[in-house]
1. Mind listing just one residue for me: the one in the range 36-58 that is surrounded by 17 or more Cβ atoms within 10 Å (Cβ to Cβ) and at pLDDT 95 or above and, of those, nearest to the chain's Cα centre (by Cα)?
2. I'm trying to understand the selection: among the residues of the range 65-88, which are over 21 Å from residue 122 (Cα atoms) and more than 9 Å from the chain's Cα centre (by Cα)?
3. Which of the residues spanning the range 104-124 are surrounded by fewer than 17 Cβ atoms within 10 Å (Cβ to Cβ), part of a helix (DSSP H, G or I) and either at pLDDT 95 or above or touching a helix residue (DSSP H, G or I) at 6+ places or on another chain (Cβ under 9 Å) (or both)?
4. Pull up the range 27-56, narrow it to residues that are in contact (Cβ under 8 Å) with a residue 12 or more places away in the chain and outside any loop (DSSP other than H, G, I, E, B), then point me to the one that is farthest from residue 102 (Cα to Cα).
5. Could you say which residue among 66, 72 is touching a residue at least 12 places away in the same chain (Cβ under 8 Å), touching a helix residue (DSSP H, G or I) at 6+ places or on another chain (Cβ under 7 Å), closer than 16 Å to residue 86 by Cβ and surrounded by fewer than 19 Cβ atoms within 10 Å (Cβ to Cβ)?
6. Among 73, 82, 100, which is in the same structural domain as residue 28 (by TED's automatic domain parsing) and either at positive phi or at pLDDT 95 or above (or both)?
7. Assess whether residue 36 counts as being touching a strand residue (DSSP E or B) at 6+ places or on another chain (Cβ under 7 Å) and in the same structural domain as residue 129 (by TED's automatic domain parsing).
8. So, in the range 1-10, of the ones that are surrounded by fewer than 23 Cβ atoms within 10 Å (Cβ to Cβ) and in contact with a helix residue (DSSP H, G or I) (Cβ under 9 Å, 6 or more places away or on another chain), which residue ends up farthest from residue 62 (Cα to Cα)?
């Protein structure tokens, strides 16, 4: 199964249209997509707007390939589960996001094993055509060091004025 995901904040019809068009043209019935608050209704892929976290994680665990926006949650989950992932960045100039951070994320991870960065919809389709040959990166550990978690918990529990000074400066002081 191939699992496509756009996250929960904004629609990403450009990605879903590319995946849906590919599945329709290739006669693929093994594609499932979380499409968020989309106006586009896929024709060929099983889809849902949102799903509870446990059920979605079960799909992520079962899939052979993930296709996603360039969101860190999706990328990290693919790395933790040992799944290859195709990413397409939301483009803020196309009003798909508030700023260009996903373009930066795409560039940063483009050479990382198991992460297949697509610059546009045509590259998403070309990578999907190679779906059976895409390989995952070695899995990463899904936990943070205890001292980091404790510092982060302390920070979150602090009052608002301290929070306004910034997380990095707070962690450096510890």
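1. Start the filter on the range 36-58 by keeping residues that are surrounded by 17 or more Cβ atoms within 10 Å (Cβ to Cβ), which leaves 36, 38, 42, 44-45, 47, 56.
With at pLDDT 95 or above added as a condition, the list becomes 42, 44-45, 47.
Values: 42: 19, 44: 21, 45: 18, 47: 16 Å.
Checked the range 36-58; the qualifying residue nearest to the chain's Cα centre (by Cα) is 47.
2. Selection gives 79, 80, 81, 82, 83.
3. Residues of the range 104-124 that are surrounded by fewer than 17 Cβ atoms within 10 Å (Cβ to Cβ), as a first pass: 104, 107-108, 110-113, 119-123.
With part of a helix (DSSP H, G or I) added as a condition, the list becomes 104, 107-108, 121-123.
The answer is 121, 122, 123.
4. 46
5. Details: 66 fails: surrounded by fewer than 19 Cβ atoms within 10 Å (Cβ to Cβ).
On inspection, the qualifying residue turns out to be 72.
6. On the way: 73 fails: either at positive phi or at pLDDT 95 or above (or both); 100 fails: either at positive phi or at pLDDT 95 or above (or both).
Result of the check over 73, 82, 100: 82.
7. no
8. So in the range 1-10, the residues surrounded by fewer than 23 Cβ atoms within 10 Å (Cβ to Cβ) come out as 1-2, 7-10.
If we keep only those that are in contact with a helix residue (DSSP H, G or I) (Cβ under 9 Å, 6 or more places away or on another chain) as well, we get 1-2, 7.
Values: 1: 7, 2: 9, 7: 18 Å.
Selected residue: 7.
The values are calculated or read from the model by the stated rules, or taken from the named source; none is laboratory data. All values reported here derive from a predicted model rather than from experimental measurement. Cβ sites come from the backbone with ideal geometry, for glycine too, and all protein chains shown count toward neighbours.
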